[in-house]
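The structure appears right after this line, and notes come after that.
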Protein chains: 2
Amino acid sequence: MEQKAQQETQQNREQKPRDVLRSLANADDAERLREYVKSIGVNETFSAILRLSVDDREKVLTTLSAEDAADFIEEIPNQHAAEMIQKLSAVDAASILNEMESNDQAGVIGELKAASAKAVLAEMPPEAAANVERLNRYDSDSAGGLMMSEFIAYNEDTTAAEVIAGLSEREKQPSSLGMYVYVTSRSGKLTGVVELHSLVLSNHSSPIAFICKPCLSVAEDAPLSELDEFFDRYAFLAVPVVDRHDRLLGVVHRQHVAEALADNAAATYRKSQGIIGGDEIRSQPLLLRSGRRVSWLSLNIVLNIISASVIALYQDTLSAVIALVVFLPIVSDMSGCSGNQAVAVSMRELALGIIKPYEIMRVWLKEVTVGCINGVILGILLAGVAMLWKGNPWLGLVVGVALAVNTVIAVSIGGTVPLILKRMGKDPAVASGPILTTVTDMCGFFLILSLAALMLPHLTVS
Amino acid sequence: MEQKAQQETQQNREQKPRDVLRSLANADDAERLREYVKSIGVNETFSAILRLSVDDREKVLTTLSAEDAADFIEEIPNQHAAEMIQKLSAVDAASILNEMESNDQAGVIGELKAASAKAVLAEMPPEAAANVERLNRYDSDSAGGLMMSEFIAYNEDTTAAEVIAGLSEREKQPSSLGMYVYVTSRSGKLTGVVELHSLVLSNHSSPIAFICKPCLSVAEDAPLSELDEFFDRYAFLAVPVVDRHDRLLGVVHRQHVAEALADNAAATYRKSQGIIGGDEIRSQPLLLRSGRRVSWLSLNIVLNIISASVIALYQDTLSAVIALVVFLPIVSDMSGCSGNQAVAVSMRELALGIIKPYEIMRVWLKEVTVGCINGVILGILLAGVAMLWKGNPWLGLVVGVALAVNTVIAVSIGGTVPLILKRMGKDPAVASGPILTTVTDMCGFFLILSLAALMLPHLTVS
């Protein structure tokens, strides 16, 4: 089998993966398509499928067995999984989704357009559909949003022997279900947990109530940060999620918390760079990509025009000392750089939980000292350049002082704005940058030009 | 016990955590210190310890038992763990490190200064020290750098009964060691794997060679991307790492791969914002923080001065049409915004493995189309503002065309530079930003000013 797949790979080496996918799908060769997909892996398959036409993508996904298609769809980002699922018939989509785990089902269906989601849910078994709808009511970064509905739980009266017998029947996917057996009371309350190995080493005739250990759990609305802290503190692979009556709802796995943290960190980066309102990959339709990007840019250009309008107030000063013009973009760019460093440090300290959103004063004091030192260094550097260029120390003084003062302003804003946004319940990754650059540009332009206006007689001497 | 801890927490509620830590440590009350640390959790403890003096930090860490201190040190970022360990005596540091798992030991010691690392290793058991040195020779984002040396392996002749007996003896930390038992030949070659539950359900008198299944493995130098793909493809919780003779070296756990991916994503964000050469938290010494930030800023100001020098070549044009000055920072900032979006999309596609670093042409074509659409939209917007402000359509034409063309340039550079840097083995998160802004600023200033120079008669009419 392995060898056969290798031979196939060799035969296909000259062809591009997307062409191989297309020809195997069009030949309806489900078995060889499956082997080829396995041989190149999820990422390569994803990359190749994206380069096919929408029709060919559909053909590949429907030629694969629902199980194989599900294995692939589960591993790509939900948003892109939804884009592919959306193009299939509701029946095909539902049969693929039926092969997926509950949290993956909920993740993909949550990204579908409302009408498609409804159509797909109608084709799924009613119980599974209800479960997906229940999961999707949770915030995606809460315990409820991250939990799997699949878990192993037995009533406390069950004997160890019965549990072991039950486990060997369902032994299909033991690793993905984790190795904990949860114990519940008749009313569904979580009463304890048994680890697989202690179950087996126990007296098999005793009810599991006697074998189980007390069990920690988290509330259904526990945020991601609490789950992160939980898995930092305890070596468990999973934690049960309970409602306020202690009833067992699902299980959050350590790996899903780690994956959610990775996704959030990557999203923070993209949002700070202006990729907002949905992630982009370059095989998406041109107008979608352009539209999402330009909506962000349009906001920014308005902010930019507002801050640059400060310059228009000083046209006389600028006419008198045209050399100042060179320094306006430098002050604007450098203040952005200094401020963004402070934003990044605040974002990290918030993520690590070592500052609280209300500690604005502490952050500000820490930033002011760094800002003073770095402002003086950068100010002297720029002043030196200005003096060397025009031979006028007053010009150096103006641009140097402006940059130094504006650096302090930039780090003050950059350090504190993420905390303020967080307190207001806004996403600091999205809004910190535009707020920072708008304010520091305005302050920078104002500083350099008003100082120049004050010292105009000295500046026009040379 | 729980109740006692709760009472203590209540008593301590009015005091700040750092004061509680200090007073418990100074009272040498190891037991209550331990309970307090457990009750507030790792993040809160980390936050509080950072606010203590260096002496008090040392006192807290040495008052805790080595095991409790290790539990804390393991969970904070390696760089900050090393900063704390560095201040302890080598003996104290070694006794804490001895309680940690091999990969955490290697991670922290890898961040120590060479002299401290040597001193600490000298105090550790020779075998553990040699193991740490061996692990630290691997790239930290490779299978060797991510693997744990702790794993359960038995020779293939061992019977199931012997393995089970052995396991119940070492039963200390079964979850963190995972639930796989690896099977090796006499020469140490990996020959298979037994899952815990199939071991227990097997005939206990047979050698594990008969129970074990064939086992997938990764090479010691497998990169993080390959591990990510592996765990995407297979539902295993861990994968064994082998050398080129198939000898078992260690085990990489799924959670460590997810954590490494999260760390990398967060580092990408910080590097793009100019936090380079070591992560910052605000309790670090002022000069360290300022120095790291300013070294990055100094490079940027030099690049900024170079690009702004283009403006100096057009002073006559600017003197004639002083209104142009307002638009220079706008074009500079907006080109940065557009280009950064393209950088972020390229970074994501590289991380997802859906573009290869050599696909520069494909990325460029995809960016040019988006750039044309968005450039035209932004150009018209800015041209409109310029016309309304000065009533001169030629001014609108100059700034609009300059912004439109420069948007295309910015997305072309932003999209392709990360791929080029990746091919050159450089970190695109660090270098893409400065390269992008320098080139697009120069082009933007040149475009706006040379167009204005060409159309000078029309611009000076009004």
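Before moving on, here are some points about what is shown:
- Residue within segment A:233-246 that is among the aliphatic types (A, V, I, L, M), over 30 Å from A:Ser185 (Cβ atoms) and either buried (at least 18 other Cβ atoms within 10 Å of the Cβ) or facing chain B (nearest Cβ under 10 Å) (or both) present: no
- Within segment B:134-154, being assigned to a helix (DSSP H, G or I) and basic (Lys, Arg) holds for one residue alone: B:Arg134.
- Per the listing A:Ile301, A:Ile306, the residue uniquely more than 9 Å from chain B (Cβ to nearest Cβ), closer than 30 Å to B:Lys390 by Cα and not small (Gly, Ala, Ser) is A:Ile306.
- Residue within segment B:41-52 that is under 23 Å from B:Ser283 (Cβ atoms), at pLDDT 85 or above and not in a helix (DSSP H, G or I) present: yes
- Checklist (1) of a type in the set (A, V, I, L, M, F, W, C); (2) crowded, with 24+ Cβ neighbours inside 10 Å; (3) within 13 Å of chain B (Cβ to nearest Cβ) applied to A:Met442, failing item: (2)
- Residues in segment A:270-283 that are part of a helix (DSSP H, G or I) and either touching a residue at least 40 places away in the same chain (Cβ under 8 Å) or more than 8 Å from chain B (Cβ to nearest Cβ) (or both): A:Lys271, A:Ser272.
- In segment B:284-326, the residues that are more than 30 Å from B:Ser53 (Cβ to Cβ) and small (Gly, Ala, Ser): B:Ser298, B:Ser307, B:Ala308, B:Ser309, B:Ala312, B:Ser319, B:Ala320, B:Ala323
- In this entry, A:Thr416 passes the filter for residues that are surrounded by 17 or more Cβ atoms within 10 Å (Cβ to Cβ), within 14 Å of another protein chain (Cβ to nearest Cβ) and hydroxyl-bearing (Ser, Thr, Tyr).
- Some residue of segment A:84-100 being more than 23 Å from A:Ala48 (Cβ to Cβ), in contact with a strand residue (DSSP E or B) (Cβ under 9 Å, 6 or more places away or on another chain) and part of a helix (DSSP H, G or I): no
- Any hit, segment A:349-362, residues being surrounded by 24 or more Cβ atoms within 10 Å (Cβ to Cβ), free of Cβ contacts under 8 Å to residues at least 24 places away in the same chain and either within 7 Å of chain B (Cβ to nearest Cβ) or in a loop (DSSP other than H, G, I, E, B) (or both): yes
- Top-ranked residue of segment A:332-348 - restricted to ones that are of a type outside the set (A, V, I, L, M, F, W, C) and at the interface with chain B (Cβ under 7 Å from one of its Cβ atoms), ranked as nearest to B:His80 (Cα to Cα): A:Arg348
- All conditions but one from (1) in contact (Cβ under 8 Å) with a residue 24 or more places away in the chain; (2) farther than 23 Å from B:Asn43 by Cβ apply to B:Leu201; the one that does not is (1).
- Of residues in segment A:310-319 being in contact with a helix residue (DSSP H, G or I) (Cβ under 7 Å, 6 or more places away or on another chain) and more than 7 Å from chain B (Cβ to nearest Cβ), the one farthest from B:Lys16 (Cα to Cα): A:Thr317
- Residue check, B:Thr369 among the hydroxyl-bearing types (Ser, Thr, Tyr) and under 29 Å from the mean Cα position of the chain (by Cα): no
- Scoring A:Gln79 on the criteria (1) surrounded by fewer than 21 Cβ atoms within 10 Å (Cβ to Cβ); (2) closer than 21 Å to A:Pro125 by Cα leaves a single failure, condition (2).
- Test set (1) within 7 Å of chain A (Cβ to nearest Cβ); (2) aliphatic (A, V, I, L, M); (3) more than 23 Å from A:Ser272 (Cβ to Cβ); (4) crowded, with 20+ Cβ neighbours inside 10 Å - B:Val257 fails condition number: (1)
- Condition broken by A:Asp157, with the remaining ones in (1) out of contact with any strand residue (DSSP E or B) (no Cβ under 6 Å at 6 or more places or on another chain); (2) over 25 Å from A:Ser53 (Cβ atoms); (3) part of a loop (DSSP other than H, G, I, E, B) satisfied: (1)
- Just one residue in the set A:Val241, A:Val181, A:Val193 is at pLDDT below 90 and in a strand (DSSP E or B); that residue is A:Val181.
- Restricting segment B:410-462 to residues that are over 26 Å from the mean Cα position of the chain (by Cα) and in a loop (DSSP other than H, G, I, E, B) leaves a set whose member that is farthest from B:Asn392 (Cα to Cα) is B:Met455.
- Qualifying residue in segment A:182-198 (condition: of a type outside the set (A, V, I, L, M, F, W, C) and facing chain B (nearest Cβ under 8 Å)): yes
Let's see how each residue does on (1) crowded, with 16+ Cβ neighbours inside 10 Å; (2) modelled with pLDDT of 90 or more; (3) within 23 Å of B:Leu288 (Cα to Cα):
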site: B:Lys4; (1), (2), (3): no, no, no
site: B:Gln15; (1), (2), (3): no, no, no
site: B:Val20; (1), (2), (3): yes, yes, no
site: B:Ala25; (1), (2), (3): yes, yes, no
site: B:Lys38; (1), (2), (3): no, no, no
site: B:Glu58; (1), (2), (3): yes, yes, yes
site: B:Thr62; (1), (2), (3): yes, yes, no
site: B:Ala66; (1), (2), (3): yes, yes, no
site: B:Ala69; (1), (2), (3): yes, yes, no
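- Residue that is farthest from A:Ala431 (Cα to Cα), among those in segment A:284-295 that are at the interface with chain B (Cβ under 7 Å from one of its Cβ atoms) and without any contact (Cβ under 8 Å) to a residue 12 or more places away in the chain: A:Leu286
- Qualifying residue in segment A:44-53 (condition: within 14 Å of chain B (Cβ to nearest Cβ), crowded, with 16+ Cβ neighbours inside 10 Å and more than 23 Å from B:Glu226 (Cα to Cα)): yes
- Summed over segment A:429-439, the residues that are farther than 18 Å from B:Val331 by Cα and crowded, with 24+ Cβ neighbours inside 10 Å give a count of 1.
- So A:Gly391, is it within 27 Å of B:Ile311 (Cβ to Cβ), more than 10 Å from chain B (Cβ to nearest Cβ) and at pLDDT below 95: yes
- Selected residue [touching a residue at least 12 places away in the same chain (Cβ under 8 Å), part of a helix (DSSP H, G or I) and farther than 18 Å from A:Val343 by Cα] from B:Ser309, B:Ser298, B:Ser332, B:Ser319: B:Ser332
- Condition met for B:Ile322 (modelled with pLDDT of 95 or more, within 10 Å of chain A (Cβ to nearest Cβ) and over 30 Å from A:Ile73 (Cβ atoms)): no
- Of the residues in segment A:203-223, not one is of a type in the set (Ser, Thr, Tyr) and within 14 Å of chain B (Cβ to nearest Cβ).
- Condition broken by A:Val251, with the remaining ones in (1) of a type in the set (A, V, I, L, M, F, W, C); (2) within 8 Å of chain B (Cβ to nearest Cβ); (3) buried (at least 24 other Cβ atoms within 10 Å of the Cβ) satisfied: (2)
The values are calculated or read from the model by the stated rules, or taken from the named source; none is laboratory data. Computed from a predicted model, the values in this text were never measured in an experiment. Methodologically, a virtual Cβ is constructed for each residue, glycine included, from the backbone with ideal geometry; neighbour enumeration extends over all protein chains shown.
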